[in-house]
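The values are calculated or read from the model by the stated rules, or taken from the named source; none is laboratory data. Quick caveat: nothing in here was measured; it's all calculated off a predicted structure. FYI the Cβ positions are ideal-geometry reconstructions off the backbone, even for glycines, and counts take in every protein chain you see.
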Amino acid sequence: MIISTRGRYALRIMTALGQRGKSSSLRELAAEQDVPYKYAESIVRSLVKEGLIESARGKNGGYSLTRRPGEYTLAEVLKAAETSLAATDCTGRKEAECPRAATCPTLPVWRALDETVTQFLSGYTLLDLMPKQ
């Protein structure tokens, strides 16, 4: 399993929003986090769709977290950005789509790996990524 650039950027954007504690423009966030603006637009669209951040228009508008940083697990942020954290294609799709699911000897291993990764990432929050002050 590889966490893509999209997932890493999503974590950086979310962490920056947590540190700021207020609405921030996407231009500021993208520049500060060294994320191409168009790519950042796509990422925040996914994060808004999943309810992790919200947007507001106007003079003091921008993007902000919908909860406190300690209430977001890294697993949920990465799942919103990546759409899946599955280690293999067969665990990343519905079992009905895999004709070998009922007899595959390796499927239990991949499921266990997926569960381990999810548990590990669920043990960390955005607050854990923020510098201690």
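If you scan segment 45-63, which residues turn out to be polar (S, T, N, Q) and loosely packed, with under 11 Cβ neighbours inside 10 Å?
Initial filter on segment 45-63 (polar (S, T, N, Q)): 46, 55, 60.
Scanning segment 45-63 gives a single hit, N60.
Hey, does segment 54-71 have a residue that's out of contact with any Ser or Thr (no Cβ under 9 Å at 6 or more places or on another chain), in a strand (DSSP E or B), touching a residue at least 24 places away in the same chain (Cβ under 8 Å) and closer than 22 Å to Y124 by Cβ?
Yes, some residue in segment 54-71 is out of contact with any Ser or Thr (no Cβ under 9 Å at 6 or more places or on another chain), in a strand (DSSP E or B), touching a residue at least 24 places away in the same chain (Cβ under 8 Å) and closer than 22 Å to Y124 by Cβ.
Among the residues of segment 109-133, which ones are modelled with pLDDT under 90 and either surrounded by fewer than 11 Cβ atoms within 10 Å (Cβ to Cβ) or in contact with a strand residue (DSSP E or B) (Cβ under 7 Å, 6 or more places away or on another chain) (or both)? Step through it out loud before you land on a result.
Initial filter on segment 109-133 (modelled with pLDDT under 90): 110-111, 131-133.
Selection gives P131, K132, Q133.
Taking segment 115-133, which residues are within 14 Å of the chain's Cα centre (by Cα), among the β-branched types (V, I, T) and in a helix (DSSP H, G or I)?
V117, T118 - these are the residues of segment 115-133 that are within 14 Å of the chain's Cα centre (by Cα), among the β-branched types (V, I, T) and in a helix (DSSP H, G or I).
Can you find a residue in segment 100-114 that is under 12 Å from the mean Cα position of the chain (by Cα), closer than 24 Å to T5 by Cβ and either part of a helix (DSSP H, G or I) or of a type in the set (A, V, I, L, M) (or both)?
At the first step, the residues of segment 100-114 found to be under 12 Å from the mean Cα position of the chain (by Cα) are none.
There is no residue in segment 100-114 that is under 12 Å from the mean Cα position of the chain (by Cα), closer than 24 Å to T5 by Cβ and either part of a helix (DSSP H, G or I) or of a type in the set (A, V, I, L, M) (or both).
Need the failing condition index for S84 against (1) more than 27 Å from K22 (Cα to Cα); (2) surrounded by 15 or more Cβ atoms within 10 Å (Cβ to Cβ); (3) under 14 Å from the mean Cα position of the chain (by Cα), just the number.
(2)
Hey, among the residues in segment 1-32 that are surrounded by 15 or more Cβ atoms within 10 Å (Cβ to Cβ) and among the β-branched types (V, I, T), which one's farthest from K49 (Cα to Cα)?
Taking the candidates together, the pick is I3.
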